[in-house]
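The values are calculated or read from the model by the stated rules, or taken from the named source; none is laboratory data. Computed from a predicted model, the values in this text were never measured in an experiment. Here the Cβ is made from the backbone with ideal geometry for all residues, glycine too, and neighbour counts use every protein chain on show.
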Amino acid sequence: MLMHRESLPLIPPMSSVTRNEPADGLIDLRSWRSFVLRHGRLIGTIAGAILLAAVLALAVMERAYTATSVLLVDPRQSKLAPTEAVLAGIGNDALAVESQVEILESSVLARRVIAELGLAEQGELARNSVIETLQDWVGLRTADEEKALDRVVSRFQERLKVRRRGLTYVLEVSYTANDAALAARVTNALAAAYLADQVATKLQATTRASGLLDGRLDELRKRAQDAERAVSAFKNENNIVDAGSGGTLLELQISELNQQLATARARSAETAARFAQVRRAVESGAGAAGLPEALQSQVIGGLRTQYAQLSALQGELNTTLGPRHPSVGNIGSQLKDVGALIDKELGRVMAGVRNENETSLSRERSLEASLRTLTKQAVATSQARVRLAELEREAAASKAIIDQYLLRSKEIQEQQTLQTADARVLSPASPPQKPSSPKTVLVLFLALFVGLGGGVAAAAARESFDGRLRSVRSVEEGLGLSVIGVLPSASPMGGSAPRRPSLWWRFNPPAADDREAFADAARALGGQVRQHLAKSGGRTLLVTSTGIGEGKTTVAEALAETLARRGGSVLSLSLDLRKAGGNDEGRFDRPGLLDALREGKPIEAMIQRTSDDRRSILPLGRARGSAEAAELLEGAAMQTMLGRLRERFDVIVMDGASLAQGTDRYVAGELADRIVFVVEWARTERSEARAALGALGSAAGKVVGAVFNKVDAGQYALYERQT
């Protein structure tokens, strides 16, 4: 029964077969698609197995539920009273909030919740593990209640998770248990224990501070009274009288003299400067007319005005009457008199400045003498004042301390009834509706991902270690030959040899006849071979392969049939000593080539025609099993007979033995003009084919190319890209 397949697109002629070239992009999606399709069964099997294992694991795993309570840690302090609390708030920095996380996860709170809910007596926390149960059976574990409680606390902390939401003051408290209701109860109990712990810590600190202050107050009172009595007694002993303004009478007198002396010194400095200025003016000859005292004197001002008027009148008379006129001389006398009066008045001014300077200096010296007298009196009582100041400081300090302690004690007593927590519950925990683990979707997704990854890795490993020839590129790189033809898995003489259906066929259902596909591929191969023979001028074509069963006989007969259809005389000659013929026409037991060589019979009588009379066939003969069969093929008579056949036929297609038998090297070197190397697709090993070609020696140059035979069209399309 013929199988229909889509022939032409999948098994193209040689002109359309190209090598796999890299894609334009970084990832060749078509190559990946082909890789997945050709290894789909392996990838699917591995992925399915891992996915099934994950499903079975999920089915037996114990469900866990996680309940979450949300707390707000408030850094703001409640001002219920206008006093400072003994224990300040938690603070507003990140370290303070992280510290609250550690408190919530502490073993102290864990023990309180465990005791409150009775988790140590029953439940999942109290349940022994398999190892602990075995230890109990063999007596390796002693009964210790403290260690048992420590194990329960450790398991409790493993199931507890506290985290901070970002950089906020919000904390999430989560607990995981096999019972949803139990998870919610534990979470809410832990939150309540945390708030109660905050209040208890503040109350404890306040109570302890109040007790310490009360114990110190009696001692501070006695110390303050002793200090005040010591100050009073010392003043009486040293006759120290307070002036009522923070100092003694002697100190007030000294202070006043210091102020007066400072004023006198300033006045003396001022008059001395003025006197020095006047003296420098007189000594320099510039006169005292320009001094501030002269300029401020009304008498000098009037004389200067009179002098200016007389000078103007003298100038006018001198101009009108002449310098010798008596009026001019009279005016000159008046000018001298006024100038003398001005000089006399300036002299009095200079004397006044000198007297004022001397008076200031006398005042300064008097005050300094008085201050020295009072200072001597103050030195006598300086040591007493130092001791008095020390006693007064001690008394004042004792009084201030006792006042502060007394006030603080009253404040703390009032705070004991006003303690509140620095956190509150924003959202209490409720029993979760869905289990938190196992995460079914995530586990299945990871299992599928790992399964597909493992399948792809296994497929890649299988393809990497697979040395069988499957693509044009593998032949070109592995054997150094070009692929001149691709023949599907079918026989041109009828019937077919279908391979196992591939994944490709699920997406590309068969549509064409196998024999039609084989005929198309054989015609394309015949055209390639005909071109090579025409270029070289040869007439003998040897078809060989690496091993037995690779289909070289089918290829040889297909080539002979194709060449005969194109015209010319074609002879099919079998040289395979292990197989006398290539089809089912009953030529195995007929006389043939070996009989003619051994008995010297004419070869023409042994040549037969096919049923369609297109080509001639020369069987190997009955002597194929004789011991001298190989010598007959390598003898001189074979050369002579082949020469006669070359004269009669245009092309002689020789079906040779496989190279693994070692009998074709002579035929290839001496008898064949060109060689076609047959490779069974997906079966011939690269190393074996390379060794077989190496055995040809110098005759390897006659190989025109390789032919893929028995090709699964669908699978082949996954290894080659068609143009």
Notebook entry, point to check: Going through segment 620-651 one residue at a time, which ones are within 20 Å of residue 568 (Cα to Cα) and either in contact with a Lys or Arg (Cβ under 8 Å, 6 or more places away or on another chain) or among the charged types (D, E, K, R) (or both)?
Noted result: 644, 646, 647, 648, 649, 650, 651
Next item on the list: Just one of (1) surrounded by 14 or more Cβ atoms within 10 Å (Cβ to Cβ); (2) out of contact with any strand residue (DSSP E or B) (no Cβ under 7 Å at 6 or more places or on another chain); (3) modelled with pLDDT under 75 trips up residue 249, so point out which.
Entry: (1)
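Tell me, which residue of segment 534-551 that is touching a Phe, Trp or Tyr at 6+ places or on another chain (Cβ under 9 Å) and within 20 Å of residue 638 (Cβ to Cβ) is surrounded by the fewest Cβ atoms within 10 Å (Cβ to Cβ)? Even if it seems obvious, please write down each step before you answer.
If we filter segment 534-551 for residues that are touching a Phe, Trp or Tyr at 6+ places or on another chain (Cβ under 9 Å), which is where we start, we get 539, 543-546.
Of the ones still in play, those that are also within 20 Å of residue 638 (Cβ to Cβ) are 539, 543-544.
Numbers: 539: 17, 543: 31, 544: 32.
Out of the qualifying residues, it is 539.
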Notebook entry, point to check: What pairs come up if the first residue lies in segment 198-222 and is at negative phi and buried (at least 17 other Cβ atoms within 10 Å of the Cβ), the second is among the polar types (S, T, N, Q) and part of a helix (DSSP H, G or I), and their beta carbons are under 7 Å apart, counting only those six or more places apart or on different chains?
Noted result: 206/415; 210/409; 210/413; 213/409; 220/398
Margin query: Any residue in segment 670-681 that is over 16 Å from residue 712 (Cβ atoms) and in contact (Cβ under 8 Å) with a residue 12 or more places away in the chain sitting within a Cβ distance under 6 Å of a residue that is assigned to a helix (DSSP H, G or I) and β-branched (Val, Ile, Thr)? List the pairs, counting only those 6 or more apart or interchain.
Written below: 678/555
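From the list 312, 264, 272, pick out the single residue that is modelled with pLDDT of 70 or more, loosely packed, with under 12 Cβ neighbours inside 10 Å and among the small types (Gly, Ala, Ser). Show your work before the answer.
On the way: 264 fails: loosely packed, with under 12 Cβ neighbours inside 10 Å; 272 fails: loosely packed, with under 12 Cβ neighbours inside 10 Å.
From the options 312, 264, 272, the qualifying one is 312.
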Notebook entry, point to check: Can you name every residue in segment 604-624 that is loosely packed, with under 12 Cβ neighbours inside 10 Å and either assigned to a helix (DSSP H, G or I) or modelled with pLDDT of 80 or more (or both)?
Noted result: 604, 605, 609
Checklist line | For residue 685: the one exception among (1) at pLDDT 90 or above; (2) closer than 24 Å to residue 563 by Cα; (3) among the acidic types (Asp, Glu) | finding: (2)
Checklist line | Which listed residue, of 687, 698, is more than 19 Å from residue 543 (Cβ to Cβ) and within 60 Å of the chain's Cα centre (by Cα) | finding: 687
Note to self: Looking at segment 418-438 only, could you name the residues that are within 21 Å of residue 62 (Cβ to Cβ) and among the basic types (Lys, Arg)?
What the structure shows: 434
